[in-house]
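Trainee: Structure provided below as structure tokens; questions to follow.
The values are calculated or read from the model by the stated rules, or taken from the named source; none is laboratory data. What you are looking at is a predicted structure, and each value in this text was computed from that prediction instead of being measured. Ideal geometry is used to build each Cβ from the backbone, glycine not excepted, and the neighbour counts take in all protein chains shown. Ligands, DNA and RNA are excluded from the accessible area calculation, which covers all protein heavy atoms including side chains. Shrake-Rupley method; radii C 1.70, N 1.55, O 1.52, S 1.80 Å.
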Amino acid sequence: MSASYSPADIMAVAMARLIRDGEVVFVGVNSPLPLAAATLARRHNAPNCTFISVGGGINPTVDKIMAATSTADLGRGSASIFDNQEIYGLNGRGGFDLTFLGMAQVDAKGRVNSSFVGERDKPKVRFPGGGGGPAILPMSKRAVLWRAGHSPKIFVEEVRFTTSAGNVDRIVTPLCIFRKEDGRLVLESIHPGVTRAELAEKTGFRIPNLESAPVTPEPTAAELSIIREIDPDNVRRVEFGLQ
């Protein structure tokens with residue numbers, strides 16, 4: 001990774017680039033990286049997208065992002081405020097063009113496990129749970145998953161328990177971007193400075209197009225300038241300390 005930008009920077013930029021102008025974009029709980037991405041997109045590549053926060057704010061004025069993405073701060077400057085029931089109603093009617101969702105584990109078919117590892121009655125590891133993911137993932141037109149870590153324990157051949165599954169479009173990590181194609185994950189691009197051997201070693205399933213996939217375009221000076229303006233406290237990096 002270049003000294004001029006961090007893994008958090010390239011993840012936020014990569015997620016922002018996946019937002020299409022005019023889309024309705026939903027960002028859930030504890031999502032500083034997608035919050036940075038949505039804010040960047042509204043200021044740069046997708047100025048006409050509509051950003052809905054889990055706190056209910058519609059196109060809030062975000063001067064500086066925060067780690068908590070469900071606070072009242074994300075109601076400031078909003079065109080309207082939705083309550084939780086209205087948000088899930090909009091989701092159920094297919095109103096979200098793109099949703100960002102976190103995950104604990106994902107398998108080669110894009111199925112998400114955010115529940116546990118091991119036996120159901122005596123799990124070795126208990127994750128936070130699916131939250132709204134089981135309802136949102138199959139109903140959102142596109143879903144982008146992200147995780148600020150990349151290892152064979154996160155990217156597995158087959159999850160033992162499926163918390164949620166559905167319209168996974170892309171997965172963004174510090175090493176690469178996956179996309180779902182014909183029911184399995186393939187490599188969209190590998191981030192600059194990451195070797196293909198490293199990516200293979202840290203992924204628990206075979207990547208069929210490992211050698212042919214392109215390199216992710218580096219963040220531009222304009223993208224990095226906006227990211228640093230909206231996140232002077234480096235909140236976007238907080239998730240990396242949790243791995």
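Trainee: Please return the longest stretch of the chain lacking exposed loop sites, where trypsin sites (Lys or Arg not before Pro) count only if DSSP places them in a loop and at most 15 other Cβ atoms lie within 10 Å.
Mentor: My reading of the result: 161-205 is the longest stretch.
Trainee: Calculate the FRET efficiency for R206 and F240 from the Cβ-Cβ distance with a Förster distance of 30 Å, rounded to the nearest 0.05.
Mentor: In this case the efficiency is close to 0.65.
Trainee: A further question follows. Just for the chain, what percent of DSSP beta bridges are antiparallel, to the closest 5?
Mentor: So the antiparallel bridges in the chain amount to around 45 percent.
Trainee: Would you list which aspartates and glutamates come within 18 Å of K202, measuring only between C-alpha atoms, while excluding same-chain residues fewer than 8 positions from it?
Mentor: Filter leaves D107, E157, E158, E188, E211.
Trainee: When the accessible area of the chain is computed with all protein chains present and a 1.4 Å probe, what percentage of it is carbon and sulfur?
Mentor: Ligands and nucleic acids excluded, carbon and sulfur reach 50 percent.
Trainee: To continue, here is another question. State in Å² the accessible area per residue of the range 7-240; use a 1.4 Å probe, count heavy atoms of protein chains only, and round to the nearest integer.
Mentor: 43 Å²
Trainee: Only Cα pairs under 8 Å and at least 6 apart count here; give the relative contact order of the chain as a rounded whole percent.
Mentor: Answer for the chain is 20 percent.
Trainee: Moving on. With mean projected area of the Cα convex hull in nm² in mind, check [x] 13.8; [y] 17.2; [z] 12.6 and report the label derived from this structure.
Mentor: The calculated read-out lines up with [z].
Trainee: Taking 0.36 nm per residue of sequence separation and subtracting the Cα-Cα distance, how much length would be gained by fully extending the chain between E181 and E119, in nm to one decimal?
Mentor: So the chain would gain 19.3 nm between E181 and E119.
Trainee: Also, I was wondering about something else. How much net charge surrounds R126 when only the other residues with a Cβ under 14 Å from the Cβ of R126 are counted, with Lys and Arg +1 and Asp and Glu -1?
Mentor: Neighbour charge sum, excluding R126 itself: +2.
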